[in-house]
Amino acid sequence: MEKRFFIGLIPLIPALVFALPEDRDESIKIEADNALINEKENQAKYSGAVVVTQGTLKIEGDVVNLKTNENGEVETVVAKGKPARFESMRRRIDKKSVKGEAEKIYYTYETDRVVLTGDAVITSEESAFSGSEIIYDLDSGRVIASGDKSQRVNMTLQPKNK
């Protein structure tokens, strides 16, 4: 199958609001093997090694679905993969990006939250959270992790260097 990159939807999608304020001024770039766009339903489905970037934010998955409102503003980004991944700089003072991976990553524009489900892991600096579901607030940095009997919440904190 011929490999195709599709970014024609970019002019229809206003800037997403992610971690750093200047990310909003950046273009949204989408790379994928295939794209299916349904303007009538305000949806786009990308498949095949999909990479969505805007500023410091990167979302990767085997399949990524975008949902927009009537004005063409992004409401949700859903990435699925084995694993799907995200990366973002939350604050200018951070030395490393916050990174996460899970079977499914669900980003909601209105709440500025990333929900990771299925073998979810988030790493920030040298610390890590894992569990069956992790909710990460990009604005505040708040993490809510939940587990179940088969996969408990785990957290590893590294000491701060003085």
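The values are calculated or read from the model by the stated rules, or taken from the named source; none is laboratory data. Here the structure is a predicted model, which is why all the values come from computation and not from measurement. Cβ placement follows ideal geometry from the backbone for every residue including glycine, while neighbour counts extend to all protein chains displayed.
The table below lists the values:
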quantity: Scope segment 113-162; condition surrounded by 16 or more Cβ atoms within 10 Å (Cβ to Cβ) and either part of a loop (DSSP other than H, G, I, E, B) or touching a Cys at 6+ places or on another chain (Cβ under 8 Å) (or both); matching residues; calculated: Leu138, Val153
quantity: Residue in segment 32-43 that is surrounded by fewer than 18 Cβ atoms within 10 Å (Cβ to Cβ), basic (Lys, Arg) and at pLDDT below 55 present; calculated: no
quantity: Some residue of segment 70-84 being closer than 21 Å to Met155 by Cα and assigned to a strand (DSSP E or B); calculated: yes
quantity: Long-range neighbours under 6 Å by Cβ, at least six apart or interchain, first residue touching a residue at least 24 places away in the same chain (Cβ under 8 Å) and within 17 Å of Lys29 (Cβ to Cβ) within segment 56-76, second of a type in the set (Gly, Ala, Ser) and part of a strand (DSSP E or B); calculated: Thr56/Ser88; Leu57/Ser88; Ile59/Ala79; Gly61/Ala79; Gly61/Gly81; Gly61/Ala84; Val64/Ala79; Leu66/Ala44
quantity: All positions within segment 56-69 that are in a strand (DSSP E or B), surrounded by fewer than 23 Cβ atoms within 10 Å (Cβ to Cβ) and among the β-branched types (Val, Ile, Thr); calculated: Val63, Thr68
quantity: Failed item in (1) under 28 Å from Gln151 (Cα atoms); (2) surrounded by 16 or more Cβ atoms within 10 Å (Cβ to Cβ); (3) polar (S, T, N, Q); (4) out of contact with any Leu (no Cβ under 9 Å at 6 or more places or on another chain), with Thr53 passing the rest; calculated: (1)
